[in-house]
1. Quick one: if the Förster radius is 35 Å, what FRET efficiency do GLU346 and GLU45 give, using the C-beta to C-beta distance and rounding to 0.05?
2. Give, in nm to one decimal, the length gained when the segment between ASN140 and ARG88 is fully stretched (0.36 nm per residue of separation minus the Cα-Cα distance).
3. How high is the relative contact order of the chain, given as a whole-number percent (alpha carbon pairs under 8 Å, six or more residues apart)?
4. If the elastic network links every pair of Cα atoms under 10 Å, which of LYS76, LYS202, LYS114 fluctuates the most in the Gaussian network model of the chain?
5. Applying 1/(1 + (r/R0)^6) with R0 = 30 Å to the Cβ-Cβ distance of GLU169 and ALA289, what FRET efficiency is obtained, to the nearest 0.05?
6. Hey, quick one: spin label on LYS280, modelled 7 Å out along Cα-Cβ, who in segment 159-198 has an amide N within reach, i.e. under 15 Å?
7. With both partners inside the chain, how many of the DSSP beta bridges are antiparallel, as a percent to the nearest 5?
8. Could you calculate the contour length gain from HIS57 to GLU28, that is, 0.36 nm times the residue separation minus the distance between their Cα atoms, to one decimal place in nm?
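Bear in mind that the values in this text are calculations on the coordinates, not laboratory data. Keep in mind the model is a prediction, meaning the values are calculated, not measured. No Cβ is skipped: glycine too gets one built from the backbone with ideal geometry, and neighbour counts run over all protein chains shown.
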Amino acid sequence: MDKLKIGIIGSGGIAQSRHIPTFQQLEEKVSIEGVYDINQDRAQEVAASFSIARVYHNIERMLEEVDAVIICTPNKFHADIAVQALNRGIHVLCEKPMAITTEECSRMIEAAEKTDSVLAVAFHYRFGPEAQIAKQMMENHEIGDPLVCRFQALRRRKVPGWGVFTNKELQGGGSLIDYGCHLLDLSLWLLGDPEPLEVMAKTYDRLSKAPNLTNEWGQFDHTTFNVEDHVTGYITFENDITLQLECSWAANIKEDTEQLSISGVEGGFQLFPFELYQAKYGTLLNSTAQINKIDNIEPYYQANNFVDACTGEAELIVKPEQAMKVTKIVEALYRSSESGQSVRFEENPTSFEESY
């Protein structure tokens, strides 16, 4: 079988630390044909560092010579580049989030359906061993009907000071759209993809706008910082499910915290680390799992699933309609914070309205 020819669009940190080395591990299935970046000097450096033969000077030329592309650009450009590729029948793996707006996501899905191309989004948390165990438990109804989901994705002092993470025009937001969207996607997947009814949120930026913030992840100009560093939110879904979320790049807490829990009628569990809570045999039981963790296994399984979906050998695990729902909820959470009101969803999958 011929190898899938892949092009890398965007050669920044996520391409270098995750996508390029991960796809190079799939050398029996994949050939990375080249890289494109608007910063051609950086593209040349990255190509040399990873022994990639070619640097493309424009996206159109790349699309003439590859079967699939990995989009690693700032969020603002995800939709336009994806649609350009999909319209030519080129498969797309887009770095999260899928796009900044639900309307952009809808355009991407329409283009994929028109050419019968694969459109995937890099929500790799689903592929971790703890998440896989939890998914099997949910599908087997081992905790009964889910009632309440909670997640925290909190960093004490890790505002990403490099790149464009603190630029709202290019990224669409801060800690929520960058970090919290991973745990939001994982929550929705575990809950069985329920339909959201209403959200309420509050965002904060005071720590990162203060001068001389102690930060572990590089320095940035606090005077131009225009995204949130902290967000709290509450979401109600169909079937009486609720989700409470908190996400931060900069919080005055003891240590970084990443945790997700679901409480159901007959039991519950948390992830990171995995624990199962049950009431059986006349007592309360708490169970843990022996999980063999392998570094960067989640991106590897994600990349492998994408390649196999492109060649028709597997079903896509992260479906674009699911990724669009994440964007839809994120967009509504931001609107709620801006308006100071809750936001209700209408039947149209790309629309919602403020509640007063």
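1. Numbers: r = 48 Å, r/R0 = 1.36.
My answer for the efficiency is 0.15.
2. Numbers: separation 52, 0.36 × 52 = 18.72 nm, distance 4.06 nm.
14.7 nm is the gain from fully extending ASN140 to ARG88.
3. Working: 735 pairs, mean separation 66.4, N = 356.
Reported as a whole number, the value is 19 percent.
4. Taking springs between Cα atoms under 10 Å, the residue moving most is LYS114.
5. Details: r = 43 Å, r/R0 = 1.44.
Working from the Cβ atoms, E equals 0.10.
6. No residue qualifies, since no backbone N sits under 15 Å from the label point.
7. On the way: 43 of 70 bridges.
So the antiparallel bridges amount to about 60 percent of the total.
8. Numbers: separation 29, 0.36 × 29 = 10.44 nm, distance 2.71 nm.
Answer, rounded to one decimal: 7.7 nm.
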